[in-house]
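Working notes for the structure below.
Only the coordinates and a few stated rules stand behind these numbers; no lab work does. Keep in mind it's a predicted model, so treat the numbers as computed, not measured. Cβ placement follows ideal geometry from the backbone for every residue including glycine, while neighbour counts extend to all protein chains displayed.
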Amino acid sequence: MKIALLGCGNVGTEVVRLLDAQRSDLEARVGEPLELAGIAVRRPGKDRSDLPVDPSLFTADAIGLATRADVDIVVELVGGIEPARTWITSALELGKSVVTGNKALLAEDGASLYEAAAAANVDLYYEASVAAAIPLLRPLRESLHGDTVTRVMGIVNGTTNFILSRMTQTGAGFAEALEEAGDLGYAEADPTADIEGYDAAAKAAILAGLAFHTRVTASDVYREGITEVTAADVASAKRMDCVIKLLCIATRDADSVSVRVHPAMIPNDHPLAGVNGAYNAVFIEAEAAGQLMFYGAGAGGAPTASAVLGDLVAVARSRRGGARAVPQSSYAQLAVRPMGEVITSYHVNLDVDDEPGVLAEVASVFAAHRVSMRTVRQSGRGDDAVLVAVTHPATDAQLSATVAELAKLPTVRRVDSVMRVEGELGRWAETGAA
């Protein structure tokens, strides 16, 4: 069975090595050999003598390779929207199955790819697009196909999780932790997609679409990054027995779904709180299965290549047997709720004047917007006076309006930080103790 590999970067290189190292095992699992028909790269003449492959297989003609008559499966690992969309669509239309890790394309225009695959009766697999080596998408698409998933919450970006973990462990500021992530290879030269939440938002769209059988695109996902998270926020979370994580949260009710990515405080006893470094974890709740958690290496060449090879074997076996895997399903057609209607809790840290009546004034603003305060703590004197409030759940619109009005109070010198809160807060929330 002949494979066209589009892209030979960090992940593609590991795919080539694994195909060679596991050749006999892969043949036994599939029932026939998996053979590279060609590898599309930008610079075919580059020295790649360290790879166990004939140099003549390298080509700059990606579309020519993807549409070659003798190719059975196309593996796309270049990323981006175009020309990857054209390559994949052309291959599918010609009856070739496709394996891809292209989260950006799937989140923006997965619908057209699913339709092309269905029309040609071939497979489109993309396990590597979310959480690398963690078996996550196939359980959502197949293992939980007979259940109703109600919530997906997870850490799906290793770079931001490393940064927030270091801020928690060392007390470092954001800039310092980002620099360390770059030095260790966890952050790209341009880390915007990671630290601003775009990468996680694309993954959230893919997860929500599979979990809720509804078309969800990246533009449907509410997104905030971690660039505004400060060492003071991390310290405040610690006082509450919490940590701060960049979370992807997707929930379903009877007739709609909500999908969001933003930093949030979660209690230390939450299963996601102990996920540190560049690791990923996703917490799934389903009506019959209950609570499930998937954890592991969420990035890196070898882990991602592992997911690609898993898909490749599944697609090859399906193709050899004349069958087709479970297709992507969007029958539910649920509406996507705007962020303003989503129910959340907030942690609000205010720099206030040290004078009588401030607490009452602040409380009146919360009350005016019908937001109940779960706890409130006032500390410090003079220029160091601060007031910290944690709310009961309310709509995000109510909470946002509350914060906007608080910022206008004469007795509020500054709104130091605003952070959403997920999960039960335990003793601090019950007593307001620091």
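The figures follow:
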read-out	value
Inter-probe distance in nm under a simple model that places probes 7 Å from Cα toward Cβ, at LYS46 and ASP269	5.1
Distance (nanometres) between label positions extended 7 Å along Cα→Cβ at SER364 and HIS145	6.1
Rg ratio (alpha-carbon, reference 2.2 N^0.38 Å) - the chain	1.10
Of ALA131, ALA307, ALA181, the one that fluctuates the most in a GNM where the chain has Cα springs shorter than 10 Å	ALA181
Cβ-based net charge around ALA332, under 10 Å, with every Lys or Arg adding one and every Asp or Glu removing one	+1
Full-extension gain in nm, VAL415 to ALA302, via 0.36 nm per residue minus C-alpha separation	36.3 nm
Reach of LYS46 by Cα under 19 Å, taken over aspartates and glutamates that are not fewer than 8 positions away in the same chain	GLU14, ASP54, ASP61
Positive-pole candidate from LEU26, PHE366, VAL421, dipole of the chain, charges at beta carbon	LEU26
Whole-Hz ³J(HN,Hα) from phi, Karplus 6.51 cos²θ - 1.76 cosθ + 1.60, for the range 175-192, glycine and proline x	4, 5, 5, 5, 4, 5, 4, x, 4, 8, x, 7, 10, 5, 4, 10, x, 3
Whole-angstrom gap from the range 341-388 to the range 89-139, using each part's C-alpha centre	48
Full-extension gain in nm, ALA332 to GLU180, via 0.36 nm per residue minus C-alpha separation	50.3 nm
Residue with peak Gaussian network fluctuation, the chain [Cα springs, cutoff 10 Å], from LYS238, LYS46, LYS203	LYS46
Principal axes of the range 79-208: Cα extent on each, largest first, Å	54, 37, 20
The range 45-139: C-alpha gyration tensor shape, a/c 1.5 cut-off, then a/b vs b/c	oblate
Within straight-line cross-link reach of LYS238, lysines at Cα separation under 29 Å, skipping those fewer than 8 residues along the same chain	LYS203, LYS408
Pair ALA60, SER318: separation of 7 Å Cα→Cβ label points (nm)	3.5
Net charge contributed by nearby residues that have their C-beta within less than 10 Å of VAL221 (K/R +1, D/E -1)	+2
Rounded to the nearest 20 debye, dipole of the chain from Cβ charges on Lys, Arg, Asp, Glu	740
Efficiency of FRET from Cβ geometry, ASP383 and ASN10, R₀ 51 Å, rounded to 0.05	0.55
Positive-end residue of VAL229, VAL149, ALA218, charge dipole of the range 138-296 with Cβ unit charges	VAL149
Among LEU105, LEU406, LEU247: highest mean-square fluctuation, GNM of the chain, C-alpha pairs under 10 Å	LEU406
FRET efficiency, ASN121 to LEU292 (Cβ-Cβ, R0 25 Å, nearest 0.05)	0.20
FRET efficiency, 1/(1 + (r/R0)^6) with R0 41 Å, evaluated for ASP190 and ALA28 via beta carbons	0.45
Cβ-defined net charge surrounding VAL415, 15 Å radius [Lys, Arg +1; Asp, Glu -1]	-3
Dipole moment magnitude, nearest 20 debye, the range 339-431 about Cα centre, only Lys, Arg, Asp, Glu C-beta charged	140
